[in-house]
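Down below is the structure, laid out as structure tokens.
The values are calculated or read from the model by the stated rules, or taken from the named source; none is laboratory data. This one's a predicted model, so the numbers in the text were calculated from it and none came from an experiment. We work out accessible area using only protein heavy atoms, side chains counted, and drop any ligands, DNA or RNA first. Shrake-Rupley method; radii C 1.70, N 1.55, O 1.52, S 1.80 Å.
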Amino acid sequence: MSEHLLEAYRADFEARTKEHALGLYTVGSFPEGHQVNAHEIGAGVIYKDANVTVTAFPTKHALESYGYRFDTPDRSIVISGDTNPTQATIDACHGCDVLIHEVQTLAWLAKRPDFQPYAAKYHTTTEQLAELASKAKPRLLILYHASIALRPAVNPRASSPEELLAEMSSRYSGHVVVGRDLDVY
């Protein structure tokens with residue numbers, strides 16, 4: 001994939017590199033700026049330094065996918081990515097400080113019969129997440145996904161954050177919030 005992306009932008013890179021050679025330091029003109037250092041990962045520790053350890057764990061989505069646990073000296077954060085509920089997510093969290101998990105409301109899914117079979121295999125409902133979170137026991141559960149990001153004002157089939165929180169809170173008694181860009185927890 002990286003090779004194909006680099007080829008797709010080859011002409012742009014060459015044009016910007018010429019600007020660099022002429023002394024015109026414009027955005028994107030540095031030849032090394034588009035170099036890729038890709039590496040495949042698997043389950044287990046994928047990064048570690050003095051401040052953080054990042055551990056990947058398998059999740060269940062349409063293709064091979066991973067969630068991530070970030071451990072620092074004072075906090076543990078688990079991010080699910082798009083996934084159907086998995087024991088690996090429960091094990092990765094196991095009392096973590098923060099679990100950021102995708103979720104779709106039952107109300108939103110009811111409006112999307114075309115998407116229901118796919119969602120049943122690769123996504124998580126509020127009912128399923130309540131069960132998962134009850135086992136994983138995060139100190140804070142942060143909810144996110146496209147069904148809420150699409151904004152009901154723009155897309156009437158989308159769920160409102162309030163609708164999501166009400167649906168989740170009726171099933172899960174732990175501390176839960178709806179994630180919003182730039183919020184700090």
(message) Using amide H atoms built in the peptide plane, which far-off residues or other-chain residues are under 5 Å from I46 H to H?
(response) V54, T55, A56
(request) Taking H placed 1.01 Å from N in the peptide plane, check which residues at least 5 places from I100 or on another chain put their amide H under 5 Å from its amide H. (result) V78, I79, S80, I142
(request) Scan around H145 for amide H atoms under 5 Å from its own, H built in the peptide plane at 1.01 Å from N, and keep only partners 5 or more places away or cross-chain. (result) V103
(message) I'd like the Karplus ³J(HN,Hα) series for region 126-142: coefficients 6.51, -1.76, 1.60, θ = phi - 60°, whole numbers in Hz, and an x wherever there's a Gly or Pro.
(response) 4, 4, 5, 5, 4, 5, 4, 5, 5, 7, 6, 6, x, 5, 9, 10, 10
(request) Heads up, I need the accessible area for R69: 1.4 angstrom probe, whole protein in place, Å², nearest 10. (result) 50
(request) Mind checking the full-extension length gain between N37 and F115? Use 0.36 nm per residue of separation minus the Cα-Cα distance, one decimal, nm. (result) 24.5 nm
(request) Work out, step by step, the length gained on full extension between V52 and T72: first 0.36 nm times the residue separation, then minus their alpha carbon distance; give nm to one decimal. (result) 6.7 nm
